[in-house]
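Asks: Please find one structure pasted underneath; my questions will follow.
The values are calculated or read from the model by the stated rules, or taken from the named source; none is laboratory data. On a predicted model such as this, the values are computed, not experimentally measured, just so you know. Backbone-built Cβ (ideal geometry, glycine too); neighbour counts: all protein chains shown. Each accessible area value is taken on the protein alone, full model and side chains, heavy atoms only, with ligands, DNA and RNA left out. Shrake-Rupley method; radii C 1.70, N 1.55, O 1.52, S 1.80 Å.
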Amino acid sequence: MRASRLERIGTYAVLGVFTAYALYPVLAILFTALRPEVVGQDGVHWENFARAWNEGNFGSYLGTSAIVSASVVVISVLLSVLAGYAFGTMRFRGREVLFYLLLLGIMVPAEAIVVPLYFDLRDLGLTNSYLALIAPQVAQSVAFGAFWMRTYFSSTSRSVVEAARLDGAGHWQTLWRVLLPMGRPALVTLVVMVFMWTWNEFLLALVMVTDEALRTAPLGLRFFSGRAVTSVPLLAAASVLVALPVVLVYLFLQRHFIRGMLDGAVKG
């Protein structure tokens, strides 16, 4: 049945209200970043971004976040695909027990384990290193990633897998040449979510590193905001710089991300 004109108007009105509600803080922080630092000046001040970049040392912080995020995404997505394929398509003893044991990584909050994790890594001499930032986030991401990819692999048609087996394909070929190309939306969704979680991680970086060269972008923003000389426009410009990579990744992959989220909601 076709929706009436009144229903369409009501739908667009509701969507418009929620869109304005979502965009207001984004536009507010952007306009603040372009304001002059001195009251009474006019014009758009793009130089605020350059000043925030130089004074806040965000080149180093963004570089650290890029290294950590890329490493976590590559390692965790690879392990999640392999684990999800095993749990979703194979039958072996203890499969359900191992899967629910893996899900404990989702149920236990990071705040509950960060202190004992710090002492463990300190005793091993791994604090103040990239490994201290990467390994814990890989472990957390794989817990969700295995669950996410298992849902996709469990929902794939058994006839497709059986046809690949009849053609002589083994598990490796079935995974990489048949199932993964079909599951691109689910894979891209996992990549985007893991990237956002890793890029925005603050507590782990705050606890694990004290070396300024290893500060991530959110941690660098926290120290930058604590300076007495920091002005509101410069702080807003720094916030835009930190959030920009996540926004660009989402905009670039949004079609696959939305499709993957919808497919996951329907199949889940």
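Asks: Could you list the trypsin sites (Lys or Arg not before Pro) in the range 86-159 that lie in coil according to DSSP, counting only those with at most 13 other Cβ atoms within 10 Å of their Cβ?
Replies: Passing both the DSSP loop test and the Cβ count: R91, R93.
Asks: What dipole magnitude, in Debye to the nearest 20, does the chain give about its Cα centre under +1 on Lys/Arg Cβ and -1 on Asp/Glu Cβ?
Replies: 1100
Asks: While we're on this one: Specify which residue in the list T198, M208, L180 is farthest towards the positive end of the charge dipole of the range 169-236, using unit charges on the beta carbon of Lys, Arg (+1) and Asp, Glu (-1), about the Cα centre.
Replies: After comparing all options, I get L180.
Asks: Here's a follow-up. In the range 53-115, which chymotrypsin sites (Phe, Trp or Tyr not before Pro) fall in coil by DSSP and have 13 or fewer other Cβ atoms within 10 Å?
Replies: Listed in order of number, the matching sites are F92.
Asks: Carbon and sulfur together cover what percent of the accessible area of the range 123-176 at a 1.4 Å probe radius?
Replies: Looking at the range 123-176 in its full context, I get 61 percent from C and S.
Asks: Moving on. Accessible area per residue of the chain at 1.4 Å probe, in Å²? Kindly include the intermediate steps, with their values, before the conclusion.
Replies: Numbers: 15760 Å² over 268 residues.
So the chain comes to 59 Å² accessible per residue, rounded to a whole number.
Asks: Just the C-alpha atoms of the chain: what Rg/Rh do they give, with Rh taken as the Kirkwood radius?
Replies: Working: Rg = 22.8 Å, Rh = 21.5 Å.
Ratio value, two decimals: 1.06.
Asks: Output the 0 to 90 degree angle, nearest 10, between the alpha-carbon long axis of helix 184-200 and the longest principal axis computed from the alpha carbons of the chain.
Replies: Orientation of helix 184-200: about 40 degrees from the principal axis.
Asks: Which is farthest toward the positive dipole end of the chain among S80, P116, Y152, measuring Cα position about the Cα centre, with Cβ charges +1 (Lys, Arg) and -1 (Asp, Glu)?
Replies: Positive-end residue among those listed: Y152.
Asks: With angles folded into 0 to 90 degrees, how steeply does helix 130-155 sit against the dominant principal axis of the chain? Use alpha carbons for both and round to 10.
Replies: Roughly 50 degrees between the two axes.
Asks: Could you go through the range 13-25 in sequence order and give the Karplus-derived ³J(HN,Hα) for each residue, using 6.51 cos²θ - 1.76 cosθ + 1.60 with θ = phi - 60°, rounded to whole Hz, and x for Gly and Pro?
Replies: So the Karplus estimates, Gly and Pro as x, are 5, 5, 4, x, 5, 5, 5, 4, 5, 6, 7, 4, x Hz.
Asks: Quick check: Cα centre of the range 209-226 to Cα centre of the range 129-200, how many Å?
Replies: Result: 32 Å between the Cα centres.
Asks: Can you give me the angle between helix 58-89 and the longest principal axis of the chain, using Cα atoms only, in degrees from 0 to 90, rounded to the nearest 10?
Replies: Approximately 20 degrees, to the nearest ten.
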